[in-house]
Amino acid sequence: MIAAIVIVLVVLLVIGLATAGASVRVLREYERGVVFRLGRLMEPRGPGLVMLVPTIDRLVRVSLRTVTLTIPPQEVITRDNVPVRVTAVAYYRVVDSQRAVIEVESFHAATLQISQTTLRSVLGGADLDTLLAGREHLNEALQHVIDAQTEPWGIKVTTVEIKDVELPAQMQHAIARQAEAERERRAKIINAEGEFQAAAKLGEAADVISRNPVTIQLRYLQTLREIGATQNSTVVFPMPIDMVAPALDAIRGATRSQHESDGQAGGSQAESDAPTGGELEAGAPRELPSAPELQNSDQPVGSTSREH
């Protein structure tokens, strides 16, 4: 009899412990409990100790922490007809645990699907340059669109980031050539600006040298020092034009005087070699007198004098 009573007490104790375990829940600080009593929604519970009616109440745990949602790679055709492969990541959290359980069957799967479709639609309306350089605006657009879709479910999408953009190999080569051409253009512009600034500085230096000619001598000495530092076998010595000009003028004057003296000597020699008076060489043509000479002569024109 005593043994039967002990067995009954043990069974009742086990049933009590099992019932107590089924009616007591402990929720963490980041968790909320959605309680259904005979299928009807009750007030949200938690955090801490939660008491339930066994076999009548059913508890659904909902985490309020931010969830990292990795969006699988999506094949996207941009507005300028360039196929790309885009990978993104989204961050969301539950702000209303009751709506997250009641309004949608699985809020995680629903958020993932709406993120994929929104990613394809938004990026399909942008060109390749915007996709590569203007990601901040695209991220904001994606966040606003996805958050507007998930707001009725009690889901708040905080951030959407485009993680990776894969381009075809041909497009990568084209972009590389474009970047190289852009770098060459910038290098030429920088070089031209440097030449312009150097020319301006040289003009200022010329103005300074023109006001004080001694500075050019100092510049010559500095040039010699630079040449000597290189240990060259050939040394070029710059000579001022002011020093060379008088010597060149003297050489030109001496050359001109020599030519003039040679010319005068040649003229006198020619005069001495010419025939004197009316002497003519044999076979040389005789020069006829001019018309005035004939008119002034005593003999009539066309007559000849004959000596009797």
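The values are calculated or read from the model by the stated rules, or taken from the named source; none is laboratory data. Not measured: the values here are computed from a predicted model. Using ideal geometry, Cβ is built from the backbone for each residue, glycine included, and neighbour counts are taken over all protein chains shown.
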### Task
Tell me which of these GLU105 doesn't satisfy, since it passes every other one: (1) farther than 23 Å from THR78 by Cα; (2) in a helix (DSSP H, G or I).
(2)
#### Entry: Selection from region 200-248 of residues that are modelled with pLDDT of 75 or more and not in a helix (DSSP H, G or I)
ASN212
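Each row is one residue, and each column tells you yes or no for (1) modelled with pLDDT of 90 or more; (2) hydrophobic (A, V, I, L, M, F, W, C).
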position: ILE56; (1), (2): no, yes
position: VAL62; (1), (2): yes, yes
position: LEU69; (1), (2): yes, yes
position: ASN81; (1), (2): no, no
position: VAL86; (1), (2): yes, yes
position: TYR91; (1), (2): yes, no
position: GLN116; (1), (2): yes, no
position: GLY134; (1), (2): no, no
### Query
Could you give every pair whose Cβ atoms fall below 9 Å, whose first residue belongs to region 169-193 and is within 13 Å of ASP129 (Cα to Cα), and whose second residue is not hydroxyl-bearing (Ser, Thr, Tyr), counting only separations of at least 6 or pairs across chains?
MET171/VAL82; MET171/PRO83; MET171/VAL84; MET171/LEU128; ILE175/LEU128; ILE175/LEU132; ILE175/LEU167
### Task
Mind listing whichever residues of region 46-74 are touching a residue at least 40 places away in the same chain (Cβ under 8 Å) and either aromatic (Phe, Trp, Tyr) or under 25 Å from GLN116 (Cα atoms) (or both)?
THR66, VAL67, LEU69, ILE71, PRO72, PRO73, GLN74
### Query
Of the residues that sit in region 159-199 and are in a helix (DSSP H, G or I) and among the β-branched types (Val, Ile, Thr), which one is nearest to SER97 (Cα to Cα)?
ILE175
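Here's the yes/no breakdown for (1) among the small types (Gly, Ala, Ser); (2) under 30 Å from MET42 (Cβ atoms); (3) not assigned by TED's automatic domain parsing to the domain that holds GLU161:
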| position | (1), (2), (3) |
| --- | --- |
| THR78 | no, no, no |
| GLU103 | no, yes, no |
| THR130 | no, no, no |
| ALA133 | yes, no, no |
| ALA141 | yes, no, no |
### Task
Give the residues of region 125-158 that are surrounded by 14 or more Cβ atoms within 10 Å (Cβ to Cβ), in contact (Cβ under 8 Å) with a residue 60 or more places away in the chain, outside any loop (DSSP other than H, G, I, E, B) and not aliphatic (A, V, I, L, M), sorted by residue number.
LYS156
### Query
Within region 1-40, restricting attention to residues that are modelled with pLDDT under 75 and of a type in the set (Gly, Ala, Ser), which residue is surrounded by the most Cβ atoms within 10 Å (Cβ to Cβ)?
ALA22
## Note on the structure
In the set ALA90, ALA110, the lone residue that is outside any strand (DSSP E or B), of a type in the set (Gly, Ala, Ser) and either surrounded by 15 or more Cβ atoms within 10 Å (Cβ to Cβ) or assigned by TED's automatic domain parsing to the domain that holds ALA174 (or both) is ALA110
